[in-house]
Amino acid sequence: MRILLPALLLIAASGAEAFPFFGGHRDRAAEAALEQARASYEAGDCQAALRGADALLAEKPPAAVREGAYALMGPCYEAGGAADKAIGLYRLAIGLYPDNVFFSSRLADIYNRAGFYENAVPLLLKVLRLRPGDPGATLGLARSYSSLGFLSKAKDYYSRAAAMQNFGEAGLLEEYARCMLRKRDWDEALFLAGKGAALSPRSAVWPLMEARAAAGRGDYHSAAESMERAIRFSNARRLRLERALYLLLGGLPKRAAEAADAELSSSPGDPLASAVKGMALYSLGERAAAEVYFRKAEKGTPFTARLAAAFLGPVKEKEAACAK
């Protein structure tokens, strides 16, 4: 129903030019058939709506009626999982009704959800040319550019989208903040974390964003403190281990080792905890003891394997030389 409403408004805006078409009996019948198909859609019966729209199109109705039929059929195809049919229909409708932004918006949304971001961008830019400030197109462009790696452009559109909502939508602010962390725009990420914390003060997301922005600046003590606040709201293992990393990077290897030990006591083979413990011991000069933990870490994720390899490289070179 929400997908259909913009199309209905666009068609209704045509007023007398769209209805009653040309005043003939055939056109009035086409209008009635479209209304029936629309009623089926609004009742949640997409199958009946599609049958009615197909039968209507077979009668070659006036252009305005076809436009309304396409606006029913596209969302029904999407709802039924027939994305290919929806794409084909929207492309056809864009060619026939280039000024109807509904079709461009829906096609761009499909492309964004499917990961074809480069295809979505020109469609969304067209929507904004025809309807400046359109909220959906603005956010869609932010997401497209972010996914394509054009982070400065993404920032521009995310900032517009957030301002349109008076920075009052937490989900959007989180998206925006994560994009700014990727951009290494630490100031903007911190600003957004503050706005988000005002909306949902008991969410772990915002102190987590603050911690990562502080770490990006090299302020690991502040990062560890922010992560402690995040842990109060969500005592998740990954957050505890991220805090341990910040303690280590902040020059507190003993506290980092203690934090890693707490995780290893419940999960002895944990790769990240093993990596943190190994690095902490290495920093304390206990290289032989550290090697035991790096051996465990290299069997874990690609991230922990790379960490371990950086420390085990010289050891393995020595082993290889001795083996010759």
Against the condition at pLDDT 95 or above and in contact with a helix residue (DSSP H, G or I) (Cβ under 9 Å, 6 or more places away or on another chain), how does residue 298 come out, does it pass? no
Can you tell which of 18, 29, 71 is aliphatic (A, V, I, L, M) and at pLDDT 95 or above? 71
Output for Cβ contacts, cut-off 6 Å, separation at least six or different chains, first residue closer than 19 Å to residue 220 by Cβ in the stretch 171-196, second not in a helix (DSSP H, G or I), reads 186/217
How do the pairs read when you match residues in the stretch 117-139 that are more than 15 Å from residue 156 (Cβ to Cβ) with residues anywhere that are at pLDDT below 95 and part of a helix (DSSP H, G or I), using Cβ under 9 Å and keeping only pairs 6 or more apart or on different chains? 136/6
When you scan the stretch 183-209, how many residues do you find that are over 22 Å from residue 238 (Cα atoms) and assigned to a loop (DSSP other than H, G, I, E, B)? 1
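The values are calculated or read from the model by the stated rules, or taken from the named source; none is laboratory data. Remember, predicted model here, so these are calculated numbers, not experimental data. Cβ atoms come from the backbone with ideal geometry, glycine included; neighbour counts cover every protein chain shown.
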